[in-house]
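I have placed the structure first, in the form of structure tokens, so that the comments after it can refer back to it.
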Amino acid sequence: MTMATDIDDRALKPALLRGARGRCPRCGEGELFSKYLKIRSTCPHCALDLTHQRTDDGPAYITILIVGHVGVFLLTSLFHLMADRPLVLALSMSAVCLVLALLMLPRVKGGMVGLQWAKRMHGF
């Protein structure tokens, strides 16, 4: 006897990876974002309704957490090399952290959409 939840099984790992690549968590073919961070209302390939997938501040928090840890590691590693040039150190660290955050944010947001879809966490 099969239950209704067994019919539509949603694997977590593929959904996370598809979302992190900016693809639909269900089919992996359609684009997830219509702009830099704007989630499409539906998948253009499989017509999955994405209007209920709200990530709010979660991706920004995770991105800041990761970039902060990487930044502190880099700062402590580079401090002894660039201690005599604090302005260069501050500007280079700021640039690295900014670029890293901008590159990570859509991937983290896509992964969180994949998590929400796989775990049926929608309609907040």
> Mind listing the phi-derived Karplus ³J(HN,Hα) values for the stretch 105-118, rounded to whole Hz, using 6.51, -1.76 and 1.60 with θ = phi - 60°, and x for any glycine or proline?
Replying inline: 4, x, 5, 5, 5, x, x, 5, 5, x, 4, 5, 5, 5
>> Whole-Hz ³J(HN,Hα) for each residue in the stretch 25-30, computed from phi via Karplus 6.51 cos²θ - 1.76 cosθ + 1.60 with θ = phi - 60°, x for glycine and proline: what do you get?
In response: x, 8, 9, x, 9, x
> Using θ = phi - 60° and the Karplus curve 6.51 cos²θ - 1.76 cosθ + 1.60, what whole-Hz ³J(HN,Hα) does each residue of the stretch 63-71 get, with Gly and Pro shown as x?
Replying inline: 5, 4, 4, 5, 5, x, 5, 5, x
> So how much slack lies between residue 38 and residue 13, counting 0.36 nm per residue of separation and subtracting their Cα-Cα distance, in nm?
Replying inline: 6.7 nm
> Using modelled backbone amide H atoms (1.01 Å from N, in-plane), which distant-in-sequence or interchain residues come within less than 5 Å of residue 33's amide H?
Replying inline: 40
> Of the peptides 49-57, 35-43, 12-20, 79-87, how do they stack up when ordered by the mean number of other Cβ atoms within 10 Å, highest first?
Replying inline: 12-20, 49-57, 35-43, 79-87
>> 7 Å from Cα along Cα→Cβ at both residue 79 and residue 29: what's the point-to-point distance in nm?
In response: 5.3 nm
> How big is the convex hull of the Cα atoms of the chain, per residue, in Å³?
Replying inline: 116 Å³
> Any idea what diffusion coefficient the stretch 73-124 gets from Stokes-Einstein, in µm²/s, Kirkwood Rh on alpha carbon pairs, 25 °C, 0.890 mPa s?
Replying inline: 181 µm²/s
> Under 16 Å from the Cα of residue 38, which lysines turn up, not counting those fewer than eight places away in the same chain?
Replying inline: 109
> Which order results if 112, 121, 104 are arranged by neighbouring Cβ count within 10 Å, fewest first?
Replying inline: 121, 104, 112
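Read-outs: derived from the displayed coordinates by stated rules, not from any lab. Small disclaimer: the values here were computed from a predicted structure and weren't measured. Neighbour counts are summed over all protein chains in view; Cβ atoms, including those assigned to glycine, are modelled from backbone coordinates with ideal geometry.
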